[in-house]
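Readers should treat all values here as calculations from the given coordinates under stated rules, not as data from a laboratory. Since this is a predicted model, take the numbers as computed values, not measurements. A quick note on method: Cβ atoms are made from the backbone with ideal geometry, for glycine too, and the neighbour counts reach across all protein chains shown.
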Amino acid sequence: MNGVHDMGGMHGFGPIVREENEPLFHAPWEAQVRAMVVIARSRGYFNIDAFRFGIERMDPAHYLRAPYFERWLASLERNLLEHSFLTSDELDDRTEYVRRHPEATLPRGVVTAPAREAQDESVEPLPASQFAVGDAVVTRNVHLPEHTRLPRYARGKRGIVQRLHGAQIFPDTNARGLGENPQPLYSICFDARELWGNSAEPRQTVSLDLWESYLEPASG
Amino acid sequence: MTYDPEQEPYVALRTKALESLLIEKGLLSAEAVDELISEYERDIGPLKGARVVARAWVDPDFKTRLLEDGSAIAELGLPGGGNLVVVENMPAEHHMVVCTLCSCYPWMVLGLPPTWYKSFAYRSRAVIEPRAVLREFGLVLDEDVTVHVHDSSAEVRYMVLPERPAGTEDLTEEQLAALVTRDAMIGVARVSGPVHHLQGVVPG
């Protein structure tokens, strides 16, 4: 989807701010969020593509002002809600409870939900690849409001196949629960001038890992 | 962990609320969450990648295997290399890694990413003005160097094999590893030789 998350080439974000001796997490809740997401994914409650899509579907203004792990929390909530693990009323009510009872501790409990089969992001065997190293390809110019890993800046652009990565789960369908549909994945190298025209810095390339259905053979 | 209701941000309250609900519903356990957090704290992060780099510098056959297939990191006891591609910096070729769409990072060799790597500024600028980004990091490339930016758009992860600095011929593999910084393995810095190296510190 053409969301604000698709940031390659955007202007206006200023200098890259770096924190010296940055802690692993800036607050305990960040570590909790990360751990809960990893556990939920490992138990198959949702897959990584659905998780990314959940972040992408945040309200754009919220996305832009939220610290990193707040975006993870937003997607964790959305995916759990959409897969009916809990309701938003339950979560709102419990949050209010926690606010009014800061001394409350986490409950003890045992895990009773069955783990769903966790997915491997890399799949064997390799279906026949349409493209070979050195082939010229053009990326499709498609703009669907769905999850994709083809950024806007690289659509309708010509590049060269650099590497074959075997078959990988296709995020565009997997994110919506429409199946893994593994496809050959390629590393495609683009000249910066192809992407940015005369605004490109000299002597620069950008490589992206792109699924076969994002690509067409280049003519000529 | 104590909560000050005057200070606790809403997101912390929400997190605690969510975790408590998930525990009550039998979907996860507090113990599993705590154990995972401990693992993150114990993870040595970029020290893993530094060992890989040092090994590649001293062992040309390992380097060949590594550049062919990142799963060679298993030779150092590191898992997860099946999705790793290592790209080699040369005098006229400089590699740099980013994830413009989110924050994909070579966790198997570098641990958890720094906040700047996940920042909007880095994600947006690395693909369109990498030399300007590198200058901000204090790295100025000659005009005849080609910059290769890798936008990590799939589960494949990228790590840069930095150039071995001059004057390191007599160092042991362990001493070499101590020179290698996380930033050099992302591609926003070079590895400094022992003349410039701060004793006992692995920066980044």
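Taking the C-alpha atoms only, the angle from helix B:46-58 to the longest principal axis of chain B is near 20 degrees. Need the list of lysines near B:Lys16 for cross-linking: C-alpha distance under 28 angstrom, and skip anything on the same chain fewer than eight residues off. Leaving aside lysines fewer than 8 places away in the same chain, those within reach of B:Lys16 are B:Lys25, B:Lys118. Rounded to the nearest 20, the size of the Cβ-charge dipole of region A:1-113 about its Cα centre is 260 debye, with Lys and Arg at +1 and Asp and Glu at -1.
Distance from a point 7 Å along Cα→Cβ of A:Arg176 to each backbone N in region A:1-23: keep the residues under 13 Å and list them by number. Only A:1-2 fall inside the zone, counting backbone N under 13 Å. Peptide A:63-71 has a mean shielding of 3, counted as Cβ atoms of other protein chains within 10 Å of each residue's Cβ.
Other residues whose C-beta falls under 10 angstrom from the C-beta of A:Thr173 contribute a net charge of -3, scoring Lys and Arg +1 and Asp and Glu -1. A compact globular protein would have a Cα radius of gyration near 2.2 N^0.38 Å; the ratio found for the protein assembly as shown is 1.01.
Net charge of the neighbourhood of B:Pro91, taken over other residues with C-beta under 15 Å away and scored Lys/Arg +1, Asp/Glu -1, is -3. Treating r as the C-beta distance of A:Arg100 and A:Asp59 and R0 as 25 Å, the FRET efficiency rounds to 0.40. Highest mobility in the GNM of chain B, judged by mean-square fluctuation with C-alpha springs under 10 Å and restricted to B:Trp107, B:Trp116, B:Trp57, is found for B:Trp116.
Eigen-decomposition of the gyration tensor built on the alpha-carbon atoms of chain A gives equivalent ellipsoid semi-axes of 37, 23, 15 angstrom, largest listed first. Within the shell defined by Cβ-Cβ distances under 12 Å, the residues around A:Ile39 carry a net charge of -2, with Lys and Arg each +1 and Asp and Glu each -1. Scanning residues 5 or more positions from B:His150 or on other chains, those with amide H under 5 Å from its amide H are A:Ser207, B:Met96, B:Val97, B:Val98, with H placed 1.01 Å from N in the peptide plane. Phi angles of region A:74-84 translate, via the Karplus equation with coefficients 6.51, -1.76, 1.60 and θ = phi - 60°, into HN-Hα couplings of 4, 6, 4, 4, 4, 5, 5, 5, 5, 9, 6 Hz per residue; Gly and Pro are given as x.
Peptide B:141-149 is shielded by partner chain Cβ atoms: per residue, an average of 4 of them sit within 10 Å of its Cβ. Note on A:Lys157: aspartates and glutamates with a C-alpha under 12 Å away, same-chain residues under 8 apart excluded, are A:Asp191, A:Glu194, A:Glu216. In this Cβ point-charge picture (+1 for Lys and Arg, -1 for Asp and Glu), region A:122-217 has a dipole of about 320 debye about its Cα centre. Given Cβ point charges of +1 (Lys, Arg) and -1 (Asp, Glu) and nothing else, what value in debye, to the nearest 20, does the dipole of the protein assembly as shown about its Cα centre take? So the dipole magnitude of the protein assembly as shown works out to roughly 700 debye.
This ranking places A:Val138, A:Val17, B:Val149, B:Val133 by how few other beta-carbon atoms lie within 10 Å of each, fewest first, which gives A:Val17, A:Val138, B:Val133, B:Val149. Spherically averaged projected area of the convex hull of Cα atoms, chain B: 14.6 nm². Across region A:122-217, the relative contact order, built from alpha-carbon pairs under 8 Å that are at least six residues apart, equals 30 percent. Each peptide in B:93-105, A:67-79, A:189-201 gets a packing score, the mean of other Cβ atoms within 10 Å over its residues, and the list from highest to lowest is B:93-105, A:67-79, A:189-201.
Rounded to the nearest whole Hz, the Karplus-based 3J(HN,Hα) values (6.51 cos²θ - 1.76 cosθ + 1.60, θ = phi - 60°) of region A:164-169 follow the sequence 9, 10, x, 8, 9, 4, with x at glycine and proline.
Using the Karplus relation 6.51 cos²θ - 1.76 cosθ + 1.60 with θ = phi - 60°, the per-residue 3J(HN,Hα) values for region A:36-48 come to 5, 5, 4, 5, 4, 5, 5, 8, x, 5, 7, 9, 5 Hz, with x marking Gly and Pro. Entry note, region A:1-113: relative contact order of 26 percent, from Cα contacts under 8 Å with a spacing of 6+ residues. From the Kirkwood radius over Cα pairs of region A:1-113, Stokes-Einstein at 10 °C and 1.306 mPa s returns a whole-number translational diffusion coefficient of 97 µm²/s.
In plain terms, the residue of B:Ser71, B:Ser20 with the fewest other Cβ atoms within 10 Å comes first and the most crowded comes last, giving B:Ser71, B:Ser20.
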